[in-house]
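Undergrad: Before we start, here is the structure in question, set down as structure tokens.
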Amino acid sequence: GHFIHHIAQIDRQYKPRSMRYDIVRQLQKNVGERDVIALVSGGVDSTVAIRLLAEAIDPTKIHAIHIDNGCMRLNESAEVLIMMENLGVDIHLIEAQEEFLQGVIQRAGQDVGPLCQVVQPEDKRAIIGDLFMKIVDQEISALGKSFDTVVLLQGTLRPDLIESASKQISQQAAVIKTHHNDTQLVRQLREAGYIIEPLKDLHKDEVRQIGRELGIEKKLIERHPFPGPGLAVRILCSNGVIPENFDEVRENVVQFGGDVLPVHSVTVQGDGRKYLFVSEFLWRDRAQALSRSETIRRVYHQVGRSVIRIASKGEWKSLTPTYLAVDTLTMLQKADKIVYDWMIRYQYHSLCAQLPVILIPVSYGGDGERSVVIRPFMTDDFMTGRAARIDRDIQSIHLEELAVDLLQVSGISAVLYDCTDKPPGTVEWE
């Protein structure tokens, strides 16, 4: 928390306001005569990176690829292709959902996976990150090239490297989470000189400023960040077993007028990362939820995040076994689209820097149902920030309307609002 915020403050103090031309010159130097495989997600970072590259080198040497890992938002890949074509970028789509869901990695001589059967967040990130790079390798071979003649372009930002504890940033930083663009395999390629990351010294607001200088349309510049592994890290997976110590933690929290959900989510304590329980408050207690949740976290260190239940089909009843599969991904895609349309309708898109929608394996209804958490987050630098406040930033009547729409999605039994600031609560839940 304090360490990474300190780094961000130093960055801003000493960095010149515009580095577009310096970046272009550095790209020319780093790329040389090689071709470039540009990895394009469709977000602002990869878009700005490829536009800078197009200013730096002969466009015929750029091979842009977009990999659909099956964990994208609804119709996301099709929209990315249209946006890139509008920018004059020739892009190749690789559809790989089935390949990702069946993905396996080796760890200590043992198979981990397939992805569709794992529940640990770091396992999901590792499988997706490594398979992503293997598909890139296959694409390089299909072009008749090799790592001797090409480099990879990534839109990695400084916060990505800080949170992954990259040694490019600091020898002391603790891992907050492993970013898909900073896995062990990526680091090996980087050290061998096969990866260029023109934005690696920048924060999100600085990248957006360069995007404006490049004339990239406002809609794209202002897109909310989306994690590389996509919805895979917005679906909390579970084998259906209640975590240890749950009853004890719940007994303690109830004394403060809250309840506890039988799931863990990631939080930051000091500069380290822990998976801790989530406390829950009722909608009628929303005015007191923030202060009560802070008290609970201070007294019981097993609780790291808090939610307010906007609406539900009843009290929570069970934990639903949940894995990355087509049905859970489809459920979250539908919920995510409803939240996005609502955000645009009431102009909350510009208020919030990010608004993740998370599917959790908790049923407040029948067997096999799940719940949705919305996480309206406000920040300037993405290193620290706060949850949007109900009735100050976001109107409760609008949230009640959103909950009604979300409960229409088959299999969703409750809608919850994450009111945790960062720190301790990271923007994402995994």
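Undergrad: Are there any pairs with C-beta distances below 9 angstrom linking a residue in the stretch 90-111 that is more than 20 Å from residue 41 (Cβ to Cβ) and free of Cβ contacts under 8 Å to residues at least 24 places away in the same chain to a residue that is of a type in the set (D, E, K, R) and surrounded by fewer than 10 Cβ atoms within 10 Å (Cβ to Cβ), with the two at least 6 apart or on different chains, and if so which?
TA: Pairs found: 104/111.
Undergrad: Do we find that residue 111 is open to solvent by 50 Å² or more (accessible area, probe 1.4 Å), part of a helix (DSSP H, G or I) and not basic (Lys, Arg) in this structure?
TA: In short, no.
Undergrad: Go through the stretch 170-200 and report how many residues are under 20 Å from the mean Cα position of the chain (by Cα), crowded, with 19+ Cβ neighbours inside 10 Å and modelled with pLDDT of 70 or more.
TA: Residues that pass the stated criteria total 4.
Undergrad: Go through (1) farther than 25 Å from residue 231 by Cα; (2) more than 24 Å from the chain's Cα centre (by Cα) and name the single condition residue 311 misses.
TA: Condition not satisfied by residue 311: (1).
Undergrad: Follow-up. Do the conditions hold for residue 302, that is, is it in contact with a helix residue (DSSP H, G or I) (Cβ under 6 Å, 6 or more places away or on another chain) and either open to solvent by 10 Å² or more (accessible area, probe 1.4 Å) or under 24 Å from residue 402 (Cα atoms) (or both)?
TA: Answer is yes for this residue.
Undergrad: Has the stretch 383-406 got at least one residue that is within 22 Å of residue 208 (Cβ to Cβ), in a loop (DSSP other than H, G, I, E, B) and of a type in the set (D, E, K, R)?
TA: Within the stretch 383-406, one or more residues are within 22 Å of residue 208 (Cβ to Cβ), in a loop (DSSP other than H, G, I, E, B) and of a type in the set (D, E, K, R).
Undergrad: Separate question: What number goes with the only condition from (1) open to solvent by less than 40 Å² (accessible area, probe 1.4 Å); (2) polar (S, T, N, Q); (3) more than 23 Å from the chain's Cα centre (by Cα) that residue 354 does not pass?
TA: Evaluating residue 354 over (1) open to solvent by less than 40 Å² (accessible area, probe 1.4 Å); (2) polar (S, T, N, Q); (3) more than 23 Å from the chain's Cα centre (by Cα) leaves (3) as the failure.
Undergrad: To continue, here is another question. Kindly indicate the residue of the stretch 33-81 that is assigned to a loop (DSSP other than H, G, I, E, B), without any contact (Cβ under 8 Å) to a residue 60 or more places away in the chain and of a type in the set (D, E, K, R) and also surrounded by the most Cβ atoms within 10 Å (Cβ to Cβ) among those meeting that condition.
TA: Going through the qualifying residues, I end up with 58.
Undergrad: Name every residue in the stretch 235-261 that is within 23 Å of the chain's Cα centre (by Cα) and within 16 Å of residue 417 (Cα to Cα), in order of residue number.
TA: 235, 236, 261
Undergrad: Further, regarding this structure: How many of the residues making up the stretch 369-389 are open to solvent by 40 Å² or more (accessible area, probe 1.4 Å) and within 24 Å of residue 315 (Cα to Cα)?
TA: Count: 0.
Undergrad: So if I check each of 266, 260, 249, which one is under 30 Å from residue 204 (Cβ atoms), of a type in the set (A, V, I, L, M, F, W, C) and buried (at least 19 other Cβ atoms within 10 Å of the Cβ)?
TA: On inspection, the qualifying residue turns out to be 266.
Undergrad: Looking only at the stretch 95-107, decide whether some residue is open to solvent by 40 Å² or more (accessible area, probe 1.4 Å), among the polar types (S, T, N, Q), touching a helix residue (DSSP H, G or I) at 6+ places or on another chain (Cβ under 9 Å) and on the phi > 0 side of the Ramachandran plot.
TA: no
Undergrad: Does at least one position in the stretch 61-73 carry a residue that is within 18 Å of residue 100 (Cα to Cα) and of a type in the set (D, E, K, R)?
TA: Yes, some residue in the stretch 61-73 is within 18 Å of residue 100 (Cα to Cα) and of a type in the set (D, E, K, R).
Undergrad: Which of (1) outside any loop (DSSP other than H, G, I, E, B); (2) over 20 Å from the mean Cα position of the chain (by Cα); (3) surrounded by fewer than 21 Cβ atoms within 10 Å (Cβ to Cβ) is the odd one out, the single condition residue 88 does not satisfy?
TA: The failed condition is (1).
Undergrad: Moving to a separate point now. Exactly one of (1) farther than 30 Å from residue 54 by Cβ; (2) among the β-branched types (Val, Ile, Thr); (3) part of a helix (DSSP H, G or I) is unmet by residue 260. Its number?
TA: Exception for residue 260: condition (3).
Undergrad: Also: For the stretch 267-299, enumerate the residues that are in a strand (DSSP E or B) and either in contact with an Asp or Glu (Cβ under 6 Å, 6 or more places away or on another chain) or among the acidic types (Asp, Glu) (or both).
TA: 280
The values are calculated or read from the model by the stated rules, or taken from the named source; none is laboratory data. For clarity, every value in this text was computed on a predicted model and none was experimentally measured. Counting neighbours? That spans all protein chains shown, and the Cβs are built from the backbone with ideal geometry, glycine included. Accessible surface areas use protein heavy atoms only, side chains included; no ligands, DNA or RNA. Shrake-Rupley method; radii C 1.70, N 1.55, O 1.52, S 1.80 Å.
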